[in-house]
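First comes the structure, then the notes that go with it.
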Amino acid sequence: MTTTEPTVAVTTINVNGIRAAFRNGFAGWLQQWPPDVMLLQEVRAEEDIASDLLGDDWSVFTYPSQLKGRAGVSIAVRKASEAVSVADHEPLHGLSEEEDAPHSGRWIELVLDTVSGQPLRVVSTYFHAGALGTPKQDLKYEHLDAVSGRLKGLADQGAGGGMQTLVGGDFNVARQELDLKNWKGNYNKNAGALDQEIEYLESWLANGWVDVVRELAGPRPGPYSWWSWRGKAFDNDTGWRIDYHYATQALAQRAQDFHVFRAPSWDTRFSDHAPVTVHYALG
């Protein structure tokens, strides 16, 4: 008799406004492909609104931005999941006790109980998009500095036999040429493809984090997760891979497979991002 190791399906998705996503078909996708855990970005809504839209099947935790109609991150846990449940821990909102408004609504952590008996921390994060040569880019680096500090502590905890962590979200950075179709047109010319930004993501890998989807996908172009609404970017697959699963070492080793849910056509998209799902074994 063989036994199947339990797994947890975790999806990261920038919904580009949760109300708009539901108007444009998100509910249909969710009904067809419900994960155990969703890490949502650019929710642009308060927790009660996100919870009402997702419905009674989900436990929803949201850190809204102080800037109305901007950013906002959520974690949603499916109540019927046989793999995980919400632990008796308060979610952590943000990277400091008093965040400046532009940095608010960009980082939320939640601890989950799992069927393996080992708790799991999940993080939904949304990094600044930035704009080269503007104050927006300065804000991006300021935020990435704070992220680096938190990631070091979480990686050290995981490496020391403590709780494993998954950080998922819209990083707004293409880490390498494989992650950006029009690399030559963007590299060191536009935010999201600058050496200084890329150095952050590479430093986290050097400190023990794993880019899970890249490890599973291997050295091939993509799989892209964002395409501009403009022109023929989606039809021509001129995309960026900017939606990541970054996991601590022991958790990353349990990643089994991934799927990027690219919409069948431009007009069936509920967001300019595609959901990125990874299954992790919990044995």
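So the values come out like this:
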read-out: Exceeding the 20 Å Cα-Cα cut-off - candidates Lys68/Lys152; Lys140/Lys181; Lys181/Lys232; Lys79/Lys152; Lys140/Lys189; value: Lys68/Lys152; Lys140/Lys181; Lys79/Lys152
read-out: Shape of the chain, Cα gyration tensor, a/c cut at 1.5; value: rounded
read-out: For the stretch 20-132, size of Cβ-based charge dipole, Lys and Arg +1, Asp and Glu -1, in debye; value: 520 debye
read-out: Extension reserve of the Asp100-Ser265 stretch, reckoned as 0.36 nm per residue once the Cα distance is removed; value: 55.5 nm
read-out: Whole-number percent relative contact order across the stretch 1-107, with pairs defined as alpha carbons under 8 Å at least 6 apart; value: 25 percent
read-out: Under-5 Å amide H pairs with Ile108, H placed in peptide plane, nonlocal only; value: Gly94, Ser124
read-out: FRET E, pair Leu216, Gln66, Förster distance 35 Å, beta-carbon r, rounded to 0.05; value: 0.45
read-out: Karplus-derived 3J(HN,Hα), 6.51/-1.76/1.60, for each residue of the stretch 238-246, Hz, glycine and proline x; value: 8, x, 10, 9, 10, 9, 10, 10, 10
read-out: Simple Cβ-charge dipole of the chain, Lys/Arg +1 and Asp/Glu -1, about Cα centre, in debye nearest 20; value: 960 debye
read-out: Under Karplus coefficients 6.51, -1.76 and 1.60, residue-wise ³J(HN,Hα) of the stretch 172-177 in Hz, glycine/proline x; value: 6, 9, 8, 6, 7, 4
read-out: Difference of contour (0.36 nm per residue) and Cα-Cα distance, Asn207 to Asp257; value: 15.6 nm
read-out: In nm, spacing of pseudo-spin labels at Gln157 and Trp229 (7 Å Cα→C-beta vector); value: 3.7 nm
read-out: Over the chain, relative contact order from alpha-carbon pairs under 8 Å, at least 6 apart, %; value: 21 percent
read-out: Whole-Hz couplings from phi, Karplus 6.51/-1.76/1.60, listed for the stretch 96-103; x for Gly and Pro; value: 8, 5, 10, 7, 5, 3, x, 8
read-out: Ser85 versus Tyr141: modelled label distance in nm, points set 7 Å from Cα along the beta carbon direction; value: 4.8 nm
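Read the figures in this text as sums done on the coordinates, not as results from a lab. What you see is a predicted model; the values in this text were computed from it and never measured. Ideal geometry is used to build each Cβ from the backbone, glycine not excepted, and the neighbour counts take in all protein chains shown.
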